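Below is one structure, written out as structure tokens, with a few remarks after it.
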Amino acid sequence: MTEQTYDNFADHYNFAYLDEQTKRMIRRAILKAIAVPGYQVPFASREMPMPYGWGTGGVQVTAAIIGANDVLKMIDQGSDDTTNAVALRGFFVKTTGVEATTKTSEATIIQTRHRIPEEPLKANQTLVYQVPIPEPLRKLEPRETETRKMHALEEYGLMHVKLYEDIAKYGEIATTYAYPVLVNDRYVMDPSPIPKFDNPKMHEMEALQLFGAGREKRIYAVPPHTKVESLDFEDYPFEIQKFEEPCALCGAENVYLDEVILDDKGARMFVCSDSDFCEDRRENGHVGHMAANPITESENRGADA
Amino acid sequence: MYVAVKGGEKAIRNAHKLMERDRRGDRSVPALELKQIAEQLYLSVSRVMSEGSLYDVELAALAIKQSRGDLIEAIFLLRAYRTTLPRFGYSEPIDTAAMLVRRRISATYKDLPGGQLLGPTYDYTHRLLNFKLAADGELPESVQAEYDAAEEIPRVTDLLNAEGMMEPDPQVPSDAVVGDLTREPMEFPADRDIRLQNLARGDEGFLLALGYSTQRGFGGSHPFAGEIRFGEVDVDFFVEELGFSVPLGRMSVTECQMINQFQGSTVAPPQFTRGYGLAPGQAERKVMSMALVDRALRCRELGEEAVAPAQDEEFVLSHSDNVQATGFVEHLKLPHYVDFQAELELVRRMRKDWQARQEVEAAQANGPVEEAAQ
Amino acid sequence: MTTPSLGLQKAPAPGLKNPVHDAQKIFKVAMNALARPGSLQEMPELGLEVPAPLTQTVAALALTLLDYDTPVYLDPALAQEVDVVDYLRFHTGAPIVALASDAAFALISDPAKMSAISGFAVGTDEYPDRSTTLLIAVDDMTNTSGATLSGPGIKTETEFDAAPLSPAFWPQMIANQTLYPLGVDVLFASPTHVAGLPRSSKISMKEAR
């Protein structure tokens, strides 16, 4: 079925795979999520044709909002080329026939796993996050019955204790990704496993942010222009990761970088995690200190697998 | 040299082609036919139908073939297909007392109305590899079932019930709506209807281990296999427009009623209580495990203290689904390098701090000597 | 919450011409309306013919969001029209409830006479999503006068008003806001546009109304 086209698919399945009743149910959950920013709305997540934990929540949210005129960008780890991003993009191209793009600026819907694009998003865009564990308190309290009460009572002391214990033990808050945020001064929310580097981008973002957790059956949202604060303490303010060198390919600074191991002797380079951002900069003449080593299709090991 | 992982699409296509080739295996060996799977691997088919929540022998056989016999993968395939099917309504409850029984045993009475009927079972076989099968040995002679198929066989629990020794079947108001965990997110505490649905779809291995743990004292129950029966039941559908039920067909099911001693509470006299298991097809191990876990999970309702894993409703129900579990465990295969990078940076920094502290401490350890000397 | 069999006297007016794509467009309008409170989101051209006093925009929202899982409350003007009831039942299957507090959605065709907002479901502390969403038919909406809204979805603040509304409406919505994160959410539906007023919006009235 991998090579089936949209026309072929449409003979057997509904637009965007989900049946209309399921879409309605998800759409209602999305509306509630928007009305109560950061609150996790339970929804009757369906079994999808990809495994739980591989983006079923994001896929269901995207399938519920996508229309024939949308332009979809699908990223995983900041890149359009990672295997699961490729697989999920293929799913939507096949089931909706929509146009797909790798350009952040051209997309109307961006589904992501683990990153927020470097380029600021705009009002006509929606960012859909794939979420593995939507409950920010889950690592501290495994029981849903308990965490639900804590959210109801706005009882987040446990979270602050955990962060403070980190400081006592390590001299800093030892959470580097899925760093909890407070949304609209009310709900503590899991931003999905994005690096904390990306947390500030959520605050007052122009675009609507929707979060889907398929296995855990939760949808939540951050509307545009909404206050999103990373939890911290006055004497230990929230800080994002800093990289000592710029992107080796495009020279960008203040972006999130992937570390690439070059040999078995410890040589490494740092390159933009956001592949579209990096390519765009290189097209516009920005050159990093190791850019002489071009990426060509002939060196394309992935294709030989 | 830095090689960006590009062209993932082609790589994925090729990987799937490789998988398809391996699935087929040596082409000089005839391909499996669905009929062969359905007829000769029926216990696998049963498990896939049960945990895949779809009663369709042929589709289950197809899923097993497509998944190379990986039953969890087959269950997943069936579930994903099932969600796309339109739902017309809910059947009437099946009546297992009216089952056309092929096998029925009770561990609680030597003899009882309807008798003990061993039927098709591996019980009491000697577990010796049958090399005749390897040599494609001769077919066993056909066996004629020796029972009157038309006879209804009363359930053991009903017999006990007549004596008042058994807790009665729970009485549900006629307008009560049975929950549907495929249509609503799970909520805790969960009622028994939802719990049983969850267990019916739950992983056989997980339930087996949990059921076993209750026998070994983790949740101390004292179960007797009141009855296990396997056979065919009618499935009826009430048609609103007609005002009466019409038969849709028959399905094979296995049912287990475990009987547990109960010492009574302030509200209930000493009596026997039930643990219940039901699954499509022939699935004895599954329904027995399910019945043990069902009984363990009734601790809240029966006023027992929940002390063991099998009694922990949220723990059991949240982790029983093998499609969810395998997805999340296997998602660790997906790239995580953004988060790993974040952790690398943190650990490097913490190691630097640690080293700096060690040096300071070492210096301090030498320090006081000098101070003392002054 | 039982729905008797339809027993229609005549065929109800047709529903969405393209149920899949029309519903997606209408939902997008509703989503944007709630995500950007007070903004006027333009409805697509649908050519719906709906029984009065149901309006085309309210009907479109109802057909998009309602089904057998969503108990719906109809205001008296709608509830007394058999054609309206038949239309909604036939196209959505939603059970019609008499009690406002049982409703997942409420359809209001005569907002000047709307019953008290406090009568609708506001959710619970643990499940604030179990609340009523009001779909209110209005003639006009404006961003140049009325209540001043701020909060999620609004960059600084925005003005918003709709007409007709009962004089009690804004004071009741201000009271609703104090229940946050509980409360009702509102979608206003004019003949051409939809605007949202979720419970998260802070409302202030500049001048006495």
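The values are calculated or read from the model by the stated rules, or taken from the named source; none is laboratory data. This is a predicted model, so every value here is computed, not measured. Cβ coordinates were reconstructed from backbone atoms using ideal geometry, including for glycine residues, and neighbour counts include every protein chain displayed. The accessibility values were calculated without ligands, DNA or RNA, using every heavy atom of the protein model including side chains. Shrake-Rupley method; radii C 1.70, N 1.55, O 1.52, S 1.80 Å.
For the reader, a short list of remarks on this structure follows.
- Evaluated on the range B:249-293, the Kirkwood hydrodynamic radius is 11.6 Å, with distances taken between all distinct Cα atoms.
- Taking C:Phe169, C:Phe105, C:Phe188 as the candidate residues, the one with maximal mean-square fluctuation in a Gaussian network model of chain C, Cα springs under 10 Å, is C:Phe169.
- Stretching the chain fully between A:Ala168 and A:Glu234 yields a gain of 22.3 nm (0.36 nm per residue, less the alpha carbon separation).
- Column: log10 I(q)/I(0), Debye, Cα scatterers of the range A:1-83, q = 0.17, 0.27 Å⁻¹: -0.86, -1.46
- In this structure the amide hydrogen of A:Val71, modeled in the peptide plane, comes within under 5 Å of the amide hydrogens of A:Thr108, A:Ile109, none closer than 5 places in sequence on its chain.
- Two-decimal Rg/Rh across chain B, once Rg and the Kirkwood Rh are taken from alpha-carbon atoms: 1.12
- Part-to-part distance (alpha-carbon centres) for the range C:116-173 and the range B:69-107, which is given in Å: 47
- Percent of C-alpha pairs per 10 Å bin, the range B:62-126, short to long: 15, 22, 28, 27, 8
- On the beta carbon distance between C:Thr178 and B:Ala209, with R0 = 56 Å, the FRET formula returns roughly 0.65.
- For the range A:200-216, Karplus couplings with θ = phi - 60° (6.51, -1.76, 1.60), whole Hz, Gly/Pro x: x, 5, 6, 5, 6, 4, 5, 8, 6, 10, 10, 10, x, 10, x, 5, 8
- Per-residue ellipticity at 222 nm computed for chain A from its helices equals -8000 deg cm²/dmol, with DSSP H segments shorter than 4 residues left out and the rest contributing -39,500 (n - 2.57).
- Each label point was placed 7 Å from the Cα along the Cα-to-Cβ direction; for A:Thr145 and B:Ala107 their separation is 2.9 nm.
- Inter-part distance where the range C:18-88 and the range A:1-74 are each reduced to a Cα centre, Å: 21
- With the biggest extent put first, the Cα atoms of the protein assembly as shown measure 86, 86, 70 Å across the principal axes.
- Taking a span of 18 Å or more along the helix axis (Cα atoms) and a mean Kyte-Doolittle hydropathy of at least -1.0 as the rule, the DSSP H helices of chain A that qualify are A:20-35, A:83-96, A:157-170.
- Using R0 = 51 Å, the C-beta based FRET efficiency linking B:Glu305 and B:Glu240 works out to 0.65.
- FRET efficiency for B:Glu20 and A:Glu106, using Cβ-Cβ distance with R0 set to 35 Å, rounded to 0.05: 0.50
- Ligands, DNA and RNA aside, A:Ser79 has an accessible area near 20 Å² when probed at 1.4 Å.
- These residues, A:Glu253, C:Glu157, go from largest to smallest accessible area, 1.4 Å probe, as A:Glu253, C:Glu157.
- Of the cross-linked pairs A:Lys94/B:Lys333; A:Lys32/A:Lys122; A:Lys23/C:Lys113; A:Lys162/B:Lys352; A:Lys169/A:Lys217, those separated by over 30 Å at the C-alpha level are A:Lys23/C:Lys113; A:Lys169/A:Lys217.
- Along each principal axis, Cα extent of chain A, largest first, Å: 57, 53, 35
- Calculated log₁₀ intensity ratio I(q)/I(0) where the Debye formula runs over C-alpha points of chain C, q = 0.18 Å⁻¹: -1.32
- Cα→Cβ-extended label distance, 7 Å offset, between A:Asp7 and B:Gln171, nm: 6.4
- Hull volume per residue, based on the alpha-carbon atoms of the range A:1-148 and their convex hull, is 128 Å³.
- Amide N proximity, the range B:109-125 versus B:Asp158 label position 7 Å along Cα-to-Cβ, cut-off under 14 Å: B:113-115
- Remark on A:Gly38: its backbone amide H falls under 5 Å from those of A:Ala221, a criterion applied only to residues 5 or more positions apart or on other chains, H modelled at 1.01 Å from N.
- Cut-off under 5 Å, modelled amide H: who pairs with C:Leu134 long-range: C:Ala106, C:Asp185, C:Val186, C:Leu187
- Other residues whose C-beta falls under 9 angstrom from the C-beta of B:Thr96 contribute a net charge of 0, scoring Lys and Arg +1 and Asp and Glu -1.
- Average partner coverage of C:125-137, which counts Cβ from other chains inside 10 Å: 4
- Report note on the peptides B:74-80, B:293-299: ranked by the mean count of other C-beta atoms within 10 Å, highest first, their order is B:293-299, B:74-80.
- Set the Cα radius of gyration of the range B:16-82 against 2.2 N^0.38 Å, with N its number of residues, and you get 1.07.
- Label zone of C:Asp139 (point 7 Å out along Cα→Cβ, amide N under 20 Å): in the range C:172-195 this covers C:188-195.
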